[in-house]
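Participant: Dropping the structure in here first, questions after.
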Amino acid sequence: MQRGELTGVVIISLPPPGDPAKGKTLTAFTISDNADHLTPPPPPQASSSSADPLTAAVRRSILHPRTKRSIAVVVGLSLLLFSIWAFLFTEVPVELLRGQEEDGPPRRSSILLPLYSKSGSQDVSAGGNFSPLIAEVKLAKVSVTNSSAVIPIRGNLLPQGQYYTSMFVGNPPRPYFLDVDTGSDLTWIQCDAPCVSCTKGPHPWYKPTKSKIVQPVDSLCQEIQHSRNYLSCDSCQQCDYEIEYADHSSSMGVLARDEMQLMMSNGDRAQVDFVFGCAYDQQGQFLNSPAKTDGILGLSSAKVSFTSQLADQGVINNVVGHCISGGANGGGYMFFGDDFVPRWGMTWVPIQNGHMNLYRTQVQRVIYGSKQIDMGQNGGNAYVTVFDSGSTYSFFPHEIYSSLINSIDLSHSLIPDNSDPLLPLCWRDISARSIGSVKQFFEPLSLHFQKKWRILPIALNIQPDDYLIINKKGNICLGILNGSEVHDGSTIILGDISLRGKMIVYDNVRQKVGWTRSDCTNPQKPRDFPFLF
């Protein structure tokens, strides 16, 4: 046979004489037209003695080297482009596969809860709570489909509002409406222990038994008393607490432990032991009557928070998220655990550690439209920024607030109206029927966070719909207030008005907070890849 006629070689290795069960081994080589050497195929595969030689032969390489190189170039460029895209537009790429991490936190089911909005007159508070106000809302029914709990919500955020959800405590379980507050550590429920100063809520006060009172030696008691510099009391028979909020409202009581019923996303009902405040003495805005909530749901990163307690008992991973609808009809949902956290499209920033257990980040720049807002005396330094669902409005430090007002173009047809005692910057227009009819006079607001190994800026974009509000008189008002009037004025507080239309996720496992745009109407468990349907 001449050299030019040789196109390939097949080598057949027979099994050892003493062990025919090992079968034959076939090895195939192809010879290209412009090469003087053999092109090795993938490692040889062992076959049984009854294997069809034709089946093994089709495994040999039949591609021309140029074709191979072209394919390799295409694959390489695709991987390079994908890597660049992942680096620029997503967080750490390895998180795309975090569901399959062997050394990561164990996968657990999640809990999905409804949120309701409250309407009515209210006072303003940063990092604390507003007067509990709500129109009557019936409990939503829970439907479980394909191991996911889908719970509808009702209510309306605007013109004023704050969100609450329903929790079931005790045996038999009884419902309580609790304000959702990522700025509070302790969950508390109005309590007949007996009650010293309470207000009539939507449900009867919680009535503890002696066995439900938490003792001072309990680790959660020591945690909350240590954080508030309480003196230890060896002779005490109960764990006392007292919380004061930024608007000078307060709650006092004792810690109690009782059962809580939870519907998991896989359809199971979980029964957990839950430590909360049995609140028998409320002051300030909590005494507004009639109250339409029964207490506060504390969702900070503290060990005594509701989320941390569930995580410590192995019920969920220590992740909590909420999604407040930006539409006129309001609504939203919240979840515990990471089943509903999107794998793609989230923007993440690290959480700064602090003694307040708040979800703190840092903002370097504030931009209104195309104009950078003057940061005042801070100069190039960043402002501490807190995500706080316990605030209805957002609060800016005085320098940023003043600069923002000066940047708003007041040459439009809207007429200033300062008659609202709570919202000082308002405009009236008899033709204005909604925010949508006047938002063209305002620019988007963008908060730029500190960059870390990122080429593109990390920004939270707040559209005019998400910082304007309609007050009782029908005027259009700025829902961002001067923070120096309600707290120390050095912190940016992002309240519900600026968190609408977004899923906000607080990941206490990886110490970060993230967000993505959402209509907040249909919670879904995410797919691993956006192009797989």
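The values are calculated or read from the model by the stated rules, or taken from the named source; none is laboratory data. Quick caveat: nothing in here was measured; it's all calculated off a predicted structure. Every residue, glycine among them, receives a Cβ derived from its backbone with ideal geometry; neighbour counts consider all protein chains shown. For accessibility, only protein heavy atoms count, side chains too; no ligands or nucleic acids. Shrake-Rupley method; radii C 1.70, N 1.55, O 1.52, S 1.80 Å.
Participant: In region 419-433, what count of residues is obtained for those that are closer than 23 Å to LEU494 by Cα and either touching a strand residue (DSSP E or B) at 6+ places or on another chain (Cβ under 8 Å) or acidic (Asp, Glu) (or both)? Outline the logic, then answer.
Facilitator: First, the residues of region 419-433 that are closer than 23 Å to LEU494 by Cα: 420-427.
After this cut, where a residue has to be either touching a strand residue (DSSP E or B) at 6+ places or on another chain (Cβ under 8 Å) or acidic (Asp, Glu) (or both) as well, the list is 420, 423-427.
Of the residues in that region, 6 qualify.
Participant: Which residue pairs have Cβ atoms closer than 8 Å, lie 6 or more positions apart in sequence or on different chains, and pair a first residue in region 276-288 that is assigned to a helix (DSSP H, G or I) with a second residue that is open to solvent by less than 50 Å² (accessible area, probe 1.4 Å) and acidic (Asp, Glu)?
Facilitator: Correct list of pairs: GLY284/ASP247; GLN285/ASP247.
Participant: Which condition breaks for PHE274 when tested against (1) surrounded by fewer than 23 Cβ atoms within 10 Å (Cβ to Cβ); (2) modelled with pLDDT under 75; (3) under 18 Å from MET334 (Cβ atoms)?
Facilitator: So PHE274 meets the others, but not (2).
Participant: Got at least one residue in region 245-252 being of a type outside the set (Lys, Arg) and crowded, with 24+ Cβ neighbours inside 10 Å? Outline the logic, then answer.
Facilitator: We begin by selecting, within region 245-252, every residue of a type outside the set (Lys, Arg); these are 245-252.
If we keep only those that are crowded, with 24+ Cβ neighbours inside 10 Å as well, we get 251.
Yes, region 245-252 contains at least one residue that is of a type outside the set (Lys, Arg) and crowded, with 24+ Cβ neighbours inside 10 Å.
Participant: For SER407, all conditions in the list (1) surrounded by 14 or more Cβ atoms within 10 Å (Cβ to Cβ); (2) in contact with a Ser or Thr (Cβ under 9 Å, 6 or more places away or on another chain); (3) free of Cβ contacts under 8 Å to residues at least 60 places away in the same chain hold save one; what is the number of the exception?
Facilitator: (2)
Participant: Which residue pairs have Cβ atoms closer than 7 Å, lie 6 or more positions apart in sequence or on different chains, and pair a first residue in region 345-371 that is touching a residue at least 40 places away in the same chain (Cβ under 8 Å) with a second residue that is of a type in the set (Lys, Arg)?
Facilitator: Matching pairs, first to second residue: TRP348/LYS512; VAL349/LYS512; PRO350/LYS512; ILE351/ARG360; ILE351/LYS512.
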